[in-house]
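This report concerns only the one structure given below.
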Amino acid sequence: MHSPVLVLKDSLKRESGTKVHHANIQASKAVADIIRTTLGPRSMLKMLLDASGGIVVTNDGNAILRELDVAHPAAKSMIELSRTQDEEVGDGTTSVIVLAGEMLHVAEEFIDKNYHPTVICRAYNKALEDAVAVLDKIAMAIDTNDRATMLGLVKSCIGTKFTSQFGDLIADLAIDATTTVGVDLGQGLREVDIKKCIKVEKVPGGQLEDSRVLKGVMFNKDVVAPGKMRRKIVNPRIILLDSPLEYKKGENQTNAELVKEEDWGVLLKMEEEYIENLCMQILKFKPDLVITEKGLSDLACHYLSKAGVSAIRRLRKTDNNRIAKACGAVIVNRPDELQESDVGTGAGLFEVKKIGDEFFAFIVDCKDPKACTVLLRGASKDLLNEVERNLQDAMSVARNIIKNPKLVPGGGATELTVSATLKQKSSSIEGIEKWLFHLFWLFISLTSMFRHCKTVAL
């Protein structure tokens, strides 16, 4: 008889069978129980310490779970489920964890009866297909141009969140931002890219009611030479660059042999001529504002300010992309490739303002901007962070409505309809899956009762 071959280390422990199934279900239920109290009209905020020692005060499921440091693989899968929900849908991160925990709890009874997990999963998938078919059938088309309808929909998603006490403020901001950056794809379809086109700028100070959606963009920068360059320009011509306006530094080691005393002056003259040539290539298009993602030398600053051009340097790539979408400019990699069509003329006003202790540049009053900035004001950073999380949820809901303008009834009516359909379907199924369908119907019925209670409480 052959001796057993050891694949794993001696210190490792391998478990399998029903014992592991129960352990996975218990771990998933433990994760669900952590955030269960943050759901519904009587939800409570949780106070956490993040990895850097800061305080997080929130009732957002994904924000809470991503701060947890768990070792169990099933618990990690639940946290990943919440993260996926947040990225794909944007809202419902708490609900999806609580529902997943309950579905696993319901399945535990069948594990005890020696049902194979693949049978349970197959039944759940069939029930899911039937439930989605019912939802498509009962969904009602809505008009995304009706402001009152959109406002009611977005408010319903943030009704149990911290910002619900501020009335329509957050819902208005979310609708304004998403409708501003919406792009028509044809055939009645619209695309809204929240991540790339909408930036939330949090500035502590003032009141939350001072928050607004800018018809353009703002960023935390000042002009290079405040005393020599204009800080306010009406209808500016904007050039965006992705190249440095300074002398090109040599790669690795660069050696220059100077034989005569005059050679040093020649070397400096070559640098000056190179910078002057770069600036002349830009100035022939008569811009009012030049923005570059790279550096800008003192000599280039001199030539630009002498020509009455304001300049901003070392801007983030994401901010530069948003400016391009807002004012219609094209980001150019080399000044000698500039064309008249690359100059942005869609902005109505460029202005640098001081808010608190910092300077912010505003490019606003744009014609048909495809990017915008939401300016949030508030008393503290913790308040602004929670308002931003609520605003992201609201914008995601508004985006989902714009992309797929359909609505299902609330107050538990949808769940009861799905439940009745699954109950009817279960009577026509033979074998083991019949009982799983029956259980799924019971689970949906209990969910509808929960939804109804939540609606009544609201």
| request: May I ask you to compute the full-extension gain from residue 285 to residue 70, defined as 0.36 nm times their residue separation minus their alpha-carbon distance, rounded to one decimal in nm? | output: 71.6 nm
| message | Only counting other Cβ atoms within 10 Å, I'd like 181, 70, 132 sorted with the fewest neighbours first. | response | 132, 70, 181
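What is the dipole size for segment 14-114, taken about its Cα centre, with +1 at each Lys and Arg Cβ and -1 at each Asp and Glu Cβ, in debye to the nearest 20?
The calculated dipole for segment 14-114 is roughly 260 debye.
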| message | Relative contact order of the chain, please, whole-number percent, based on alpha carbon pairs below 8 angstrom and at least 6 residues apart. | response | 22 percent
| request: Add +1 for every Lys or Arg and -1 for every Asp or Glu among the other residues with Cβ under 14 Å from the Cβ of residue 47, and state the total. | output: -4
| note | Expected unfolding gain across residue 139-residue 23 under the 0.36 nm per residue rule, minus the alpha-carbon gap, is 37.9 nm
| task | Determine the calculated [θ] at 222 nm for the chain from helices alone, applying -39500 (n - 2.57) to every DSSP H run no shorter than 4 residues and normalising by the residue count; nearest 500 deg cm²/dmol. | result | -15500 deg cm²/dmol
| remark: Short to long, in 5 Å steps from zero, the percent of alpha-carbon pairs of segment 127-212 per bin is 2, 11, 15, 18, 19, 16, 10, 5, 2, 1, 0
| request: Alpha carbons only, please: Rg and Dmax for segment 76-170, in angstrom. | output: 17.9, 54
| query | Relative to the first principal axis of the alpha-carbon coordinates of the chain, what is the inclination of helix 73-88, with its axis defined by its Cα atoms, in degrees from 0 to 90 and to the nearest 10? | reply | 60 degrees
| Put +1 on the Cβ of each Lys and Arg and -1 on the Cβ of each Asp and Glu in the chain; which of 234, 369, 174 then has its Cα farthest toward the positive end of the dipole? | 174
| remark: In the structure shown, of 284/354; 269/294; 161/202; 76/406; 202/354, the pairs separated by more than 21 angstrom at the C-alpha atoms are 284/354; 269/294; 76/406
| request: Assuming R0 = 51 Å, can you tell me the calculated FRET efficiency for the pair residue 113 and residue 42, based on Cβ-Cβ distance, to the nearest 0.05? | output: 0.90
| query | Among 158, 170, 363, what is the fewest-to-most ranking by other Cβ atoms within 10 Å? | reply | 158, 170, 363
| note | Quick numbers on the chain, Rg and Dmax over C-alpha atoms in Å, give 29.4, 101
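Specify whether the C-alpha gyration tensor of segment 8-78 places it in the rounded, prolate or oblate class, a ≥ b ≥ c being the square roots of the eigenvalues: rounded for a/c under 1.5, otherwise prolate if a/b is larger than b/c and oblate if not.
Cα axes put segment 8-78 in the oblate bin.
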| request: Give, in nm to one decimal, the length gained when the segment between residue 269 and residue 314 is fully stretched (0.36 nm per residue of separation minus the Cα-Cα distance). | output: 13.6 nm
| request: For segment 258-356, count all C-alpha to C-alpha pairs, find those more than 15 Å apart, and express that count as a whole percent of the total. | output: 68 percent
| request: Provide 318, 180, 160, 94 in ascending order of the number of other Cβ atoms located within 10 Å of each residue's Cβ, fewest first. | output: 318, 160, 180, 94
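Computed from the coordinates by the stated procedures, all read-outs in this text should not be read as laboratory data. It should be emphasised that the depicted structure is a prediction, and the values quoted were computed from it without experimental measurement. Positions of Cβ are backbone-derived with ideal geometry, glycine not excepted, and every protein chain shown enters the neighbour counts.
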